[in-house]
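Visitor: There's a structure below that I have some questions on.
Only the coordinates and a few stated rules stand behind these numbers; no lab work does. The structure presented is a predicted model; accordingly, all values stated were derived computationally and were not measured. Here Cβ is always computed from backbone atoms with ideal geometry, including for glycine, and neighbour counts include all displayed protein chains.
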Amino acid sequence: MLLSMIVAHDFNRGIGKDNKMPWHLPADFKYLKEVTTGHALIMGRSTFESIGKPLPKRRNIVITSQTDWSFEGTEVVQSLDEAIERCKDEEEAFIFGGSSVYEQAIDRVEKIYVTEIEASFDVDRYFPDYKNGEWKLTWEKSGTVDEKNKYPHTFKQYEREK
């Protein structure tokens, strides 16, 4: 199984504030759908609750310490290790946030799919530093700015240096 991460972040690796994304970028949602459909998404409970429902055509695995928490259409686990173990037969599984799950998983993933938004936002959550020589940029495509996608953005894929 290929263990990957998928994230949208600003220039400073900011990913959210008050459990919300501080930007609206439909092109990023489309990219997320294209990349993750048919695969497992591993996320923390707060990230799931910010979305409000399972993402369709994907396994939605939610990590929480709340033993009585459940939501129809999700698989609930107590730890990142348990989530990864549940995905062992998947072709690819995606770490989908939030910040604490990204921090726990950054040393375990082999690939990172990034939407880099070329702006800075008021945030209180950050993606871990990955531009440290451990990762090689393997693919890049500029997004289109238009009425719906107001911020310049670039889709990038990084693979861990062997």
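Visitor: Name the residues of the range 37-61 whose amide N is less than 18 Å from a point 7 angstrom out from the Cα of Phe29 along the C-beta direction?
Guide: Residues 37-38, 47-58 qualify, since their backbone N sits under 18 Å from the label point.
Visitor: With everything on Cα atoms, drop me the angle between helix 26-36 and the longest principal axis of the chain, reported from 0 to 90° to the nearest 10.
Guide: Compared with the principal axis, the helix lies near 50 degrees.
Visitor: OK, next. Based only on other Cβ atoms within 10 Å, what is the fewest-to-most ordering of Tyr113, Tyr102? Before the final figure, lay out the partial values.
Guide: Values: Tyr113 19, Tyr102 26.
Listing Tyr113, Tyr102 from fewest to most nearby Cβ atoms yields Tyr113, Tyr102.
Visitor: While we're on this one: Obtain the nm distance between the two label points defined at Leu137 and Ser50 by a simple spin-label model: each point lies 7 Å from its Cα along the Cα-to-C-beta direction.
Guide: The two pseudo-label positions are separated by 2.5 nm.
Visitor: How much length is gained if the chain between Asp129 and Lys17 is pulled fully straight, taking 0.36 nm per residue apart and subtracting their Cα-Cα distance, in nm to one decimal?
Guide: Working: separation 112, 0.36 × 112 = 40.32 nm, distance 1.80 nm.
That pair, Asp129 and Lys17, stretches by 38.5 nm at full extension.
Visitor: Still on this structure: According to the square roots a ≥ b ≥ c of the eigenvalues of the Cα gyration tensor, what is the shape class of the range 5-72, taking rounded for a/c under 1.5, prolate for a/b larger than b/c otherwise, and oblate for the remainder? Could you put the intermediate results ahead of the total?
Guide: Numbers: a/c = 2.09, a/b = 1.26, b/c = 1.65.
Because a/c hits 1.5 or more and a/b fails to exceed b/c, the range 5-72 counts as oblate.
Visitor: Please order Phe96, Phe29, Phe155, Phe127 by the number of other Cβ within 10 Å, starting at the fewest.
Guide: Phe29, Phe155, Phe127, Phe96
Visitor: Further question: Given 0.36 nm per residue, what is the gain on full extension from Lys150 to Glu91 after removing their alpha carbon distance, in nm? It would help to have the intermediate numbers written out before the result.
Guide: Details: separation 59, 0.36 × 59 = 21.24 nm, distance 3.41 nm.
Value of the extension gain: 17.8 nm.
Visitor: Mind checking the dipole of the range 63-125: about its Cα centre, +1 per Lys or Arg Cβ, -1 per Asp or Glu Cβ, Debye to the nearest 20?
Guide: 80 debye
Visitor: Just going by the charge dipole of the range 25-160, with Lys and Arg at +1 and Asp and Glu at -1 on Cβ, which of Ser142, Tyr130, Ser50 is farthest out on the positive end?
Guide: Result: Ser142.
Visitor: Can you sort Glu161, Glu116 by how many other beta carbons sit within 10 Å, fewest first?
Guide: On the way: Glu161 8, Glu116 18.
Placing the least packed residue first, the sequence is Glu161, Glu116.
Visitor: Then there is this: Suppose only helical runs count, i.e. DSSP H with n ≥ 4. What mean residue ellipticity at 222 nm does that imply for the chain under -39500 (n - 2.57) per run, divided by all residues and rounded to the nearest 500 deg cm²/dmol? Please report the intermediate quantities before stating the final value.
Guide: Working: 4 runs with 32 residues, N = 162.
It lands at -5500 deg cm²/dmol.
Visitor: Right, something else. Under the rule of at least 5 residues apart or a separate chain, name every residue whose amide H is placed under 5 Å from the amide H of Asn60.
Guide: Sorted by chain and number, the residues that satisfy this are Leu41, Glu75.
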